[in-house]
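This report refers to the structure that appears directly beneath it.
The values are calculated or read from the model by the stated rules, or taken from the named source; none is laboratory data. All values derive from a computational prediction rather than experimental measurement. Cβ sites come from the backbone with ideal geometry, for glycine too, and all protein chains shown count toward neighbours. Only protein heavy atoms, including side chains, enter the accessible area calculation; ligands, DNA and RNA are left aside. Shrake-Rupley method; radii C 1.70, N 1.55, O 1.52, S 1.80 Å.
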Amino acid sequence: MARICVALVEETTDGMVARMAELASVADLFEIRADRVIDLDLLTILRARTRPLILTCRPLSEGGSWDDEDPRRRLTLLEAVKRGFDYVDVELRSGFMDVMVEKVGDGLIVSHHDVHGMPDDLEAIYRQMTEVGADIAKIVVRPRSIADVGRLLAFAARVRDAGGTPLIALALGPLGALTRILAGRYGGPFTYASAARGHESAPGQLTADTMADLYRVRNVTPETKVYGVLGVDVARSLSPVLHNRAFEARGLDAVYVPLQAEALPPFIEALPSLGLSGFSVTRPYKVEILQHLVEVEEAAALCGSVNTVVVHDGLLRGSTTDGTGVLVPLKKKIDVKGKKAVILGAGGAARAAAVALGGKGARVTLLARDAARAAEVASVLGCASGSLADAGSAAWDILVNATPVGGRASVDETPLRAELHRPGAVVLDMVYDPLETRFLREAEAAGGRTIDGLQMLLAQAVAQFETWTGLEAPVDTMKSAALFLAQAQES
């Protein structure tokens, strides 16, 4: 079990004291970043202690604020030892052997922060830490690839299994978010969190509330089943909220984490070290993932797109719940049988929607900017196709946006000109961030009946949960989570 250490970066001693009081109910311990404080008073901070304290004075070369040669660093660390701070964090490269000797056996953390990349000599770094007497070793890296994250976690697992000096192994940035959540799985005695958004001491930190409440990191152990969402940009994905609430409601020892990957091959390389039980697949890997699967469900094979993977004994089996995600909210507004359905896009999600709608008797047309690609996909699926530029001549009862246009990266854009929307049409946008897209606003203004992307996300997430666990999904819990998310986005 990993405890939660809240890293405090307040600029004043009073600010540090106030934060400790404010977060005493969520933190298990606090890290005092002395290099951030302009009027540092260690005695005042110690007297106001509400949880065990780590004193850190990070140099510029390792992501801190003080020059490496600033004599105040050594003096501050020595003072922290003499005043009885519970832990003192000393960088391995600092050369402050006198500080280490004073604290060894009584809460000495020896750390190494590579803020520029992934060191090749993790074994050597860890061995040096143990040789100087570290009670806890801490290695932080800047991954350039999800494969780096896999290598870091593989090393952490070896250290855990060897039963030596405890190791906290963390990777910076969005690629490394899972290392913070899964610290307890790899033997880390604690993990680091921020006091609030905008108050991170390192890139990729999640807030203490998020770590404690959503990810329940204190409950994560080597036996915890790990699931996640794979994509090129999943930091803002809402799927962790839906699935983690579902796992909690069913009392499952499982956690769902962001799996950000810059490309699919390095993710596949890292996969054995990640120890996943399953994962969701989002853009842009829904089609590419197929070549790595040993088995593909019929509907997924037909549409050539997978959004759900089960991992068993290292083998990957894929299916799709995107079609379910489209049909469930649509059926609440329209009987799709015999209706004309136009889908904008020709990617994995568009293919799944086309197969699902066609299977229920809808007459489907794919429209894409690349008409040749749309025609190629349509020929496989047995539906009509055309160019998005010719949308004005198409007729539809149902309109689905299966492109990323209008999402957070292009919030002012829309895949369809406003004057082309039709009164009475049922319009679904797969984009859920933001929840109210320009596409939906213009459809509603034209008299359309709209369905936001969160409704699709919920429906496909329910099906994913049941695929992974074999249990009935706690739909009401997941709906409540979705409603909360919708309200949060509106505010």
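Asp89 - would you say it is touching a residue at least 60 places away in the same chain (Cβ under 8 Å) and in contact with a helix residue (DSSP H, G or I) (Cβ under 9 Å, 6 or more places away or on another chain)?
no
Is there a residue in the range 285-295 that is of a type outside the set (D, E, K, R), over 30 Å from His421 (Cβ atoms) and in contact with a Lys or Arg (Cβ under 7 Å, 6 or more places away or on another chain)?
Yes.
Any residue in the range 6-17 that is touching a residue at least 24 places away in the same chain (Cβ under 8 Å) and farther than 19 Å from Trp66 by Cα sitting within a Cβ distance under 7 Å of a residue that is open to solvent by 20 Å² or more (accessible area, probe 1.4 Å) and assigned to a loop (DSSP other than H, G, I, E, B)? List the pairs, counting only those 6 or more apart or interchain.
These pairs meet every condition: Val17/Ala48.
Would you point out which residue out of Arg93, Arg144, Arg127, Arg74 is in contact with a Pro (Cβ under 9 Å, 6 or more places away or on another chain) and either open to solvent by less than 10 Å² (accessible area, probe 1.4 Å) or modelled with pLDDT of 95 or more (or both)?
Details: Arg144 fails: in contact with a Pro (Cβ under 9 Å, 6 or more places away or on another chain); Arg127 fails: in contact with a Pro (Cβ under 9 Å, 6 or more places away or on another chain); Arg74 fails: in contact with a Pro (Cβ under 9 Å, 6 or more places away or on another chain).
Answer to the check: Arg93.
Pull up the range 44-71, narrow it to residues that are over 16 Å from Glu11 (Cα atoms) and over 36 Å from the mean Cα position of the chain (by Cα), then point me to the one that is least open to solvent (accessible area, probe 1.4 Å).
Asp70
Among what's in the range 23-40 and is in contact (Cβ under 8 Å) with a residue 12 or more places away in the chain and open to solvent by 60 Å² or more (accessible area, probe 1.4 Å), pick the residue that is nearest to the chain's Cα centre (by Cα). Break it down into steps so the answer makes sense when it comes.
Of the range 23-40, the ones in contact (Cβ under 8 Å) with a residue 12 or more places away in the chain are 23-24, 26-40.
Subsequent filtering for residues that are open to solvent by 60 Å² or more (accessible area, probe 1.4 Å) retains 36, 38-39.
Working: Arg36: 28, Ile38: 34, Asp39: 36 Å.
Only one residue tops the list, namely Arg36.
Which residues, taken from the range 353-370, are among the small types (Gly, Ala, Ser), farther than 16 Å from Val427 by Cβ and not in a helix (DSSP H, G or I)? Can you show your working first?
Residues of the range 353-370 among the small types (Gly, Ala, Ser): 353-354, 356, 358-359, 361-362, 368.
Remaining after also requiring farther than 16 Å from Val427 by Cβ: 354, 356, 358-359, 361, 368.
Once the filter is applied, which keeps residues that are among the small types (Gly, Ala, Ser), farther than 16 Å from Val427 by Cβ and not in a helix (DSSP H, G or I), the range 353-370 yields Gly361, Ala368.
Only one of these conditions is not met by Gly150: (1) open to solvent by 10 Å² or more (accessible area, probe 1.4 Å); (2) small (Gly, Ala, Ser); (3) touching an Asp or Glu at 6+ places or on another chain (Cβ under 7 Å); (4) in a helix (DSSP H, G or I). Which number is it?
(1) is the only condition that Gly150 fails.
For Ala374, indicate whether it is part of a helix (DSSP H, G or I), free of Cβ contacts under 8 Å to residues at least 40 places away in the same chain and surrounded by fewer than 20 Cβ atoms within 10 Å (Cβ to Cβ).
The answer is no for Ala374.
Only one of (1) without any contact (Cβ under 8 Å) to a residue 60 or more places away in the chain; (2) within 21 Å of Ala354 (Cβ to Cβ) is not met by Gln464, so which one is it?
Status for Gln464: all satisfied but (1).
Of the conditions (1) out of contact with any Gly (no Cβ under 9 Å at 6 or more places or on another chain); (2) part of a helix (DSSP H, G or I); (3) under 24 Å from Ala374 (Cβ atoms); (4) of a type outside the set (Val, Ile, Thr), Ser385 satisfies every one except a single condition; which number is it?
(2)
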